[in-house]
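Down below is the structure, laid out as structure tokens.
The numbers here are math on the coordinates, done by the rules we state, and not lab data. This structure is a prediction, so every number in the text was calculated from the model and none was measured. Cβ sites come from the backbone with ideal geometry, for glycine too, and all protein chains shown count toward neighbours.
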């Protein structure tokens, strides 16, 4: 009997320790609450009556009524930064949140360069030492799991069951940019920092924007109609059928669906050559998306004739159709699939063989890539013929000539679905501001970004109802081969769209087009990215005496064959990063709108630009390239943003 009574007492204690109250995932032990504000705390309860919230920093109680549907909410006052503190929430049963700090909360969002962790797939510069030194218990983070939804959600899924303090054991998989941003602010202010990290690699800005905001942009009306529509799959299939018909009609390599450039007898003598494996977008075809045909002739040993063999092509980004002497031997979709195609003995009848590959790249990188050892023909007795060498290639279709590819009604790259699942749940939670690093996935629609990006910023501010909170973002880094000639650049146009968003109040931009990597869309120097973002906040929000940005163009005027550009240094003075003090990266054009590289020189706060090729200039551009040569800095080491003085039509205008 004593044993039964003891067990009953334990069960009673256990039931009392379980609160009926339930909180969204943003509330947990170790969290950071925004200082000097009225913070909303909300949740649900299976009880009836009142919920009492006790806050230890001011020893006050707040009362909330439990509604008929179980929801409740209350607003509590927070002091200046400090802690740790405790919150007790009582709806007849008690829940305790402990080790809470009062400080500054920043929401960190975007695509892969915001997502990029210190270690893992990221492996930033000096990552091992950075992880070992990451001992900052007053910097806390909430890692949001990636999720989509066609409709707004009221709770998010998170890692680690909630907030976590920064330590060598916890930081390795967290956003490097967000961490270095917080570390810089904390080291200069001593204020605890909370980071809500909610990003997803390869995603478009419209996925992070609400339905209400996108309704105002006609380009997205069709995408919005498909959300939650049971007929959306059928609509998408119809749209894709129409688009694929356009693709076939405009593919020069397969006119009217014939073999075309895949046939063995094609004369490819004047085709250019490309060393494979290779990603074409870094140097050979920078920024190109579309269809490229590859051709190569090889000689088989006589004893291979009539034998089964294998064709190994490594990895192809994105899709391929592969032909052996004019016969289709394999086709695969997906950039991360290894291509191994079996060649039946009936196809191995001649020593000379023509291999032809049609590669379709819908966006981002493109090409036949991987390790050279993965490109070969495997014959009898494991004999090999390497295919890692020069191939002939030719462009079949540039996708910029077609309307945008329809988007399927699944996955993260759909209008609103990331806003719904990964932003909307946090809107009631007070934040200090936002840091944002995104744009690569919208490059091919850079002109549209001029409207979309400001709409997203205004949308978030409207939803949070906290006024025009700080919104700091990263301009795209330099990427791809540096061009010897001036040309149109979608990356430059996207950077310019980002710069235009500075017209919105309380926004600022970290310029990083000088610290990217020509061969890697994910540059490793995230320490400097985080620092430059932090400088914006340190100056504007925390009133630190820091230089937060590079030179800013104020005005310009034309004098004969020169253009005189007046700058605000935003520091002590203008400087060139070139030893000879001649400024690179400038180009000028006359009325014909043809740009030529120009030389610039500094005279006080004025940059004088001229080119021997333009007698009567009317416009100047700076840093207008995928991988610009930025040379204009202030003495404090921060670069001027790329810019243009003309309002001529973007190449990405549709």
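Label reach from residue 593 (point 7 Å along Cα→C-beta): in region 483-510, amide nitrogens under 16 Å belong to 487-490, 493. A simple spin-label model places pseudo-atoms 7 Å from Cα toward Cβ; at residue 518 and residue 618 they are separated by 3.4 nm. Peptides 459-469, 544-554 ranked from most to least packed by the mean count of surrounding Cβ atoms within 10 Å: 544-554, 459-469. Angle, helix 446-464 long axis vs. longest principal axis of the chain, Cα atoms, 0 to 90°, nearest 10? Between the helix axis and the principal axis of the chain, the angle is about 10 degrees.
Among rounded, prolate and oblate, which fits region 397-518 when a ≥ b ≥ c are the square roots of the eigenvalues of its C-alpha gyration tensor, a/c under 1.5 means rounded, and a/b larger than b/c means prolate? Oblate shape, in that a/c is at least 1.5 and b/c is the bigger or equal ratio.
Estimated from helical segments only, the mean residue ellipticity of the chain at 222 nm is -5500 deg cm²/dmol, where each DSSP H run of four or more residues counts as -39500 (n - 2.57).
Summary of packing: across the peptides 602-609, 49-56, the per-residue average of other C-beta atoms within 10 Å ranks them, highest first, as 49-56, 602-609. If the segment from residue 297 to residue 345 were pulled out straight at 0.36 nm per residue, it would be longer than the present Cα-Cα gap by 15.4 nm. Separation of region 576-654 and region 355-391, taken as the distance between their Cα centroids, equals 41 angstrom. Model label sites at residue 249 and residue 653, defined 7 Å from Cα along the beta-carbon direction, differ in position by 2.5 nm.
Under the simplified labelling scheme, the residue 390-residue 80 pair shows an inter-label distance of 7.1 nm, with each label point 7 Å from Cα along Cα→Cβ. At an R0 of 51 angstrom, the distance between the Cβ atoms of residue 68 and residue 167 translates into a FRET efficiency of 0.70. Ranked by the mean number of other Cβ atoms within 10 Å of their residues, highest first, the peptides 233-240, 434-441, 112-119, 522-529 fall in the order 434-441, 112-119, 522-529, 233-240. Full extension of the chain between residue 558 and residue 383 gives 56.2 nm of extra length, using 0.36 nm per residue less the Cα-Cα distance.
Distance from the C-alpha centroid of region 129-159 to that of region 394-416: 30 Å, rounded to the whole angstrom. Here the gap between residue 336 and residue 126, fully extended at 0.36 nm per residue and compared with their Cα-Cα distance, gives a gain of 72.8 nm. Between 0 and 90 degrees, the angle of helix 232-250 with respect to the longest Cα principal axis of the chain falls at about 30 degrees. Taking the fewest neighbouring Cβ atoms within 10 Å as the starting point, the ordered list for 509, 405 is 405, 509.
With R₀ set to 56 Å, the beta-carbon distance separating residue 256 from residue 546 gives a calculated FRET efficiency near 0.35. Hey, of [x] 35.5; [y] 28.0; [z] 29.7, which did the structure itself give for Kirkwood radius over Cα pairs in Å when calculated? Matching the structure shown: [y].
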